[in-house]
Amino acid sequence: MMKIQEFKDTFYSIALKRKYNEALSFVEEALESDIPPQKLITEGIAETLKQFQSFTDEGYEAVSAFQLLAIGKIAEDSIELIKPHLEKGTNAEKKDVIVLGTIESDFHALGKNILKLFLEMNDFQVIDLGLDVPPKEFIKAIQENNANYVFISTMMLHNILGIKRVGDLLKQKNLKEKVKFFVGGAPFNYNYGLVEKVGADESAENVTELMNKLIGSKKEKPKENEKPSRFKKILRFFRRK
Amino acid sequence: MSLIEGYEKDEMNALNRILATVTGKETDRIPIFPMIDALPAHIFDISTEKYYSSAENVVKGQKKLQELFNLDYISNFYYLAIETELFGMNSLFFENGSPNAGKPSVQDIDFFLENEIPQVQGTEVYQKTIQTTKGLVEEYKGKKPILSVQAAPFSLPSMLMGSSEWFEALLMYPDKITEVLKFTTDFAEQWAQGHIEAGADVIVVVDGVGTATSIPKEVFQQFVIPIYQDLNERLNAPIVFYTAGGDMLPFAEILPETGTIGVFPSGNDDLETFKKKAAGEYTIFGNINNLEMGDWPHDFMEKVVKQTIEVGKPGGKFVLATQHMIPHGVTKEKIADFINTALKYAYYH
């Protein structure tokens, strides 16, 4: 009979190779075993995700957007297979509420979708507003869902004006203290000064950095002199001998 | 009136300079490629939508850029999303930025398997780009390299379907991908052939999705390399791999398999390591941070440009370039500062 360790190792190995159909067949096989379905999620799939998240710590050479999306999608669809087998009341309580979307005129879904998968796997309740979202819609969703966070991404530099509008509206509606404002996407990765310019609190270059900031933010504030990792890479360029 | 003070030491024209650079021969200096798109629209004080509405405007705009900067290249580039208009998509125009692809029109990967490629000939969109190439050829052929810029077969589906949907298709239907890429390669060939016939010298293939930022090495080897090999067979013009700011260092050693003559690494890629890994097999166009340069005071600009040239110049096969298009907020004076500074360090003698 299959043991949880075997499930964990095999699922990780299949996911690493991005074998979607094989992964789902293997989960179906595991559901026939004695392993409790909840354990397949918490000790099998969630552990695999954690391992992948840690990949991003090794730098951009170790992981690509496709790899992250693939593992996220495999995990999400595997959990969907397991869900009907869970006993009622065993679902973990969702943590904080996050409003997520790309800003108006931006149709780049990839980063947002990867992030959504990983946030949900980490038990955050995600309100996904989708693509091309006007600034006011973010504010409306924050108020309606009593959200703790708003995450906005863009791939296009000129769209940061729309993101700044969200920053301005958060101030106008006195939501700044209550809602933590994260921004992401290429313009912020290559020019970290933009984070402050749009009135955001934070930006993160990858999933691990984001999770550390999200979970860490409840415990302690980031050190004042701490620079984001992309910035460190740029600094490193100038410090070379 | 030119904003550039240098160039007096030039001994070659821009075309001969780039030809010598990519073939590893001696040149007077490294070529300088600040990548510029709609700056002329702002100079002419017209909207980007109006600017891109006619070949006449874009040719006039390119001539204006030459008058201001005497660039080492001339380009027929409109905006990447223009090709999606032939698939029924609407491009979005902005006052302060490059046009972008609108809502995706392809809902399912089977679209590529069940349909013929749209015929570009005779369409207003394509004709306008061809007229642009012809207009540039008339003025600059033999003097400057004429770049024809277009979407890569591997990246086009991500604009037509959405990047998440394209990656989900790669994950869930790997058996269908080769057929999809045959469709997009046929389309890319069709787009490129007209421009080559019109006189374009180089095909610049924009492939942000084909970079290490987006895909792992084995996917690059399985799908992206064969596309370029195929395109090289089909097209009678050299191809440059334009990453649009995507990281490329992890693929630097296998890039020669694509047959492309050059690549634009991202600002994040370490240029020194890139040079070593390229080993003179192709030309590196790199890798000034286009997104930050607008904020750089002159001293910092000089520091970055000098250091980049010091790393890239030895051994040749190097073009000083921005990693991607310079944002619209960056002034023409700042671009001139970049070029003037580069000219201080660009010459070999």
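Scanning the range A:141-179 for residues that are more than 14 Å from chain B (Cβ to nearest Cβ) and open to solvent by 100 Å² or more (accessible area, probe 1.4 Å), which turns out nearest to B:ALA244 (Cα to Cα)? Only one residue fits best here, namely A:LYS171. The single residue among B:SER75, B:SER98 that is away from chain A (no Cβ under 14 Å) and either among the hydrophobic types (A, V, I, L, M, F, W, C) or under 30 Å from B:ILE4 (Cβ atoms) (or both) turns out to be B:SER75.
If I filter the range B:128-145 for residues that are more than 30 Å from B:LYS64 (Cα to Cα), in a loop (DSSP other than H, G, I, E, B) and in contact (Cβ under 8 Å) with a residue 60 or more places away in the chain, do I get at least one hit? Within the range B:128-145, none of the residues are more than 30 Å from B:LYS64 (Cα to Cα), in a loop (DSSP other than H, G, I, E, B) and in contact (Cβ under 8 Å) with a residue 60 or more places away in the chain.
When you scan the range B:221-242, do you find a residue that is within 14 Å of chain A (Cβ to nearest Cβ), open to solvent by 50 Å² or more (accessible area, probe 1.4 Å) and closer than 20 Å to A:ARG18 by Cα, even just one? Yes, the conditions are met somewhere in the range B:221-242.
Could you list, in sequence order, the residues of the range B:243-260 that are away from every other protein chain (no Cβ under 14 Å) and assigned to a loop (DSSP other than H, G, I, E, B)? Hits for the range B:243-260 are B:GLY259, B:THR260. Per the listing B:GLY294, B:GLY280, the residue uniquely in a loop (DSSP other than H, G, I, E, B), open to solvent by 10 Å² or more (accessible area, probe 1.4 Å) and touching a residue at least 40 places away in the same chain (Cβ under 8 Å) is B:GLY280. Inspect all residues belonging to the range B:188-206 and state whether any of them is in contact with a strand residue (DSSP E or B) (Cβ under 8 Å, 6 or more places away or on another chain) and within 14 Å of another protein chain (Cβ to nearest Cβ). Looking through the range B:188-206, at least one residue is in contact with a strand residue (DSSP E or B) (Cβ under 8 Å, 6 or more places away or on another chain) and within 14 Å of another protein chain (Cβ to nearest Cβ).
Contact map, the range B:1-17: residues that are touching a residue at least 60 places away in the same chain (Cβ under 8 Å) and among the aromatic types (Phe, Trp, Tyr) paired with residues that are surrounded by 12 or more Cβ atoms within 10 Å (Cβ to Cβ) and not in a loop (DSSP other than H, G, I, E, B), Cβ distance under 7 Å, separation 6+ or inter-chain. Pairs shown: B:TYR7/B:LEU343. Residue pairs whose Cβ atoms lie under 8 Å apart, sitting 6 or more positions apart in sequence or on different chains, and linking a residue in the range B:301-327 that is over 30 Å from B:ASN100 (Cα atoms) and within 11 Å of chain A (Cβ to nearest Cβ) to a partner that is open to solvent by 40 Å² or more (accessible area, probe 1.4 Å) and of a type in the set (A, V, I, L, M, F, W, C), are B:LYS303/A:PHE238; B:GLN307/A:PHE238. What about A:ILE215, is it at pLDDT 95 or above and more than 26 Å from B:GLY329 (Cα to Cα)? Against the criterion (at pLDDT 95 or above and more than 26 Å from B:GLY329 (Cα to Cα)), A:ILE215 does not qualify.
Considered as a group, the residues in the range A:105-120 that are more than 10 Å from chain B (Cβ to nearest Cβ) and over 13 Å from A:LEU69 (Cβ atoms) include one that is surrounded by the fewest Cβ atoms within 10 Å (Cβ to Cβ), and that residue is A:GLU120. Of the listed requirements (1) in contact with a Ser or Thr (Cβ under 7 Å, 6 or more places away or on another chain); (2) closer than 24 Å to B:LYS103 by Cβ; (3) within 11 Å of chain A (Cβ to nearest Cβ), B:MET172 misses just one: (1).
The values are calculated or read from the model by the stated rules, or taken from the named source; none is laboratory data. On a predicted model such as this, the values are computed, not experimentally measured, just so you know. We place every Cβ from the backbone using ideal geometry, glycine too, and count neighbours over all the protein chains shown. Just so you know, the surface numbers come from the protein's heavy atoms only, side chains and all, with ligands and any DNA or RNA stripped out. Shrake-Rupley method; radii C 1.70, N 1.55, O 1.52, S 1.80 Å.
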